[in-house]
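A short worksheet on the structure shown next.
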Amino acid sequence: MRGRAGTGTAPRIACLAAFVACAAAAVAGQGGGASTVASGSAPATVQSLHVQGNVWMLVGGGFVNAAVQIGSDGVLVVDTMTDALAEPMLAEIKRLAGDKPIRWIVNTHPHPDHTGGNAKVAAAGRSIIAGNFAGQAGQAAANFAQIIAHENTGNRLAAIQPALPVHATPAETFFGTRHEFFFNDEAVQLIHVPNAHSDGDVMVFFRKSDVLAAGDLYVNSTFPVINTAQGGSIKGVLAALNTIIDVTVPRRKQEGGTFVISGHGRLADEADVVEARDMSTIIRDRYAEAVKKKQTLAQAKAARLVRDYEGRYGAAQGFWTTDAFVEAVYRTIGGPLAKEGQ
Ligand SMILES: [Zn+2]
C-alpha cells in the first residue's frame with residue numbers, strides 16, 4: 001500500500017501510514033489494541049494490529065515491530081523487542097491470546113531492540129516437551145518457550161557479556177537458507193538471507209495467513225539498515241528485498257495480498273518492497289560508479305548521491321543516519337569485507 005488515504009481499503013490502511021500517530025484510533029478499531037506498563041518515567045506501550053489470518057503486528061514504543069501468530073497450538077512470537085517493552089508486549093499478547101501459551105519465539109536477528117525481551121517472553125511461555133524428551137531435557141526446560149534462530153544469531157546471542165540466561169538464547173538453531181515447521185495449522189517458513197542486515201537474518205513467512213515478518217531485512221522508516229560490523233552488506237539487503245518480492249503476491253491493482261511486517265515502520269505490501277528494492281538498486285549503482293571512479297568515502301558522502309531520497313528516509317541524527325547508510329553502502333559495494341577506498 002502506498003499511503004492512499006481515503007481510497008478503497010478502509011481507514012485501517014490510512015491509519016497504518018501513520019501508525020504511531022494513530023494510537024487512539026487503533027485502540028478503538030477492530031482487532032487492534034494496546035497495552036501500557038509504566039516503567040520508570042515513560043510508559044512503555046505495545047500496540048497491536050490484526051494483519052490477516054492468524055497473524056498480528058505488534059508495535060513497541062512506536063519504533064520497533066514484532067509479530068505474533070495465534071492459534072489452537074498456542075502462540076508463536078517473532079522478535080521480543082526490548083527488555084523494557086517485554087511486559088507490555090506480554091500483556092498485549094495475553095489480551096489477544098488469552099491463556100494460550102507462548103510456545104515458540106523466533107529471533108529474526110541478534111540486535112537488542114529485537115531480542116532484548118527474550119528472557120521475559122521466554123519465561124512467560126512453555127515449550128512442547130513430552131514423553132522421553134521431558135526426561136532428557138529436564139523438567140525446567142519445559143517451563144520456557146523455545147527460541148529458534150539462525151546459527152549466526154544464536155552464536156552472537158551466546159557471546160553477549162554478561163551472559164544472558166540460557167533460556168534467553170536460542171535452543172534451536174539452523175544453518176543453510178531454510179527452516180520449516182508446522183504450527184497452528186499452518187506452514188511456517190524461516191528464510192535466511194546471508195550478509196544482509198546482519199549475518200544471521202531470517203524472515204518468517206506464515207504461508208496460510210499470507211503474512212511475512214521481515215525483521216530488519218525490510219524497514220520503511222529509514223534507509224535500509226546495514227550492520228557492516230556483523231556482516232551486513234548492500235548486496236545482501238538487495239537479495240533480501242528480492243526474496244520478499246519472490247514470496248509476496250499482490251491482490252488487485254498491486255495492493256494488499258501478502259502483507260509484510262517491517263522491522264521498523266509501517267505495515268507494507270509487495271508494492272512497498274518493490275519501491276525499497278528499486279531505491280536500493282539505484283543507490284547501489286550510484287555508489288558502485290563512485291567506487292569505480294576511485295572516489296574516497298568523504299568524496300562520496302559530499303556528493304550526496306542519495307539526496308532525492310533523503311527527504312523520505314534520511315536522518316541527520318539518531319540511530320541510522322544518512323551518513324551511516326552511505327558509508328555502509330560504500331564499504332560493502334565490493335562485498336561484505338571491502339575496506340575504504342577499495
Ligand atoms: Zn537490527
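Points to keep in mind about this one:
- Taking other C-beta atoms within 10 angstrom as a stand-in for reagent exposure, Glu87, Glu180 fall in the order Glu180, Glu87, fewest first.
- Length gained on full extension, Asn155 to Asp308, computed as 0.36 nm times the residue gap minus the Cα-Cα distance: 51.2 nm.
- Per-residue extension of 0.36 nm, minus the Cα-Cα distance of Asp185 and Asp99, leaves a gain of 29.1 nm for this segment.
- Extending 7 Å from Cα along the Cβ direction at Gln254 and again at Asn242 yields two label points whose distance is 1.9 nm.
- In segment 162-256, Cα pairs under 8 Å separated by at least six residues give a relative contact order of 21 percent.
- Remark: segment 203-208, residue by residue, has Karplus-estimated 3J(HN,Hα) of 10, 10, 9, 8, 6, 7 Hz, where x stands for each Gly or Pro and the curve is 6.51 cos²θ - 1.76 cosθ + 1.60 at θ = phi - 60°.
- Spacing of the two label points (7 Å from each Cα toward its C-beta) at Phe63 and Lys293, in nm: 3.6 nm
Coordinate-derived values only; no laboratory data. On a predicted model such as this, the values are computed, not experimentally measured, just so you know. FYI the Cβ positions are ideal-geometry reconstructions off the backbone, even for glycines, and counts take in every protein chain you see.
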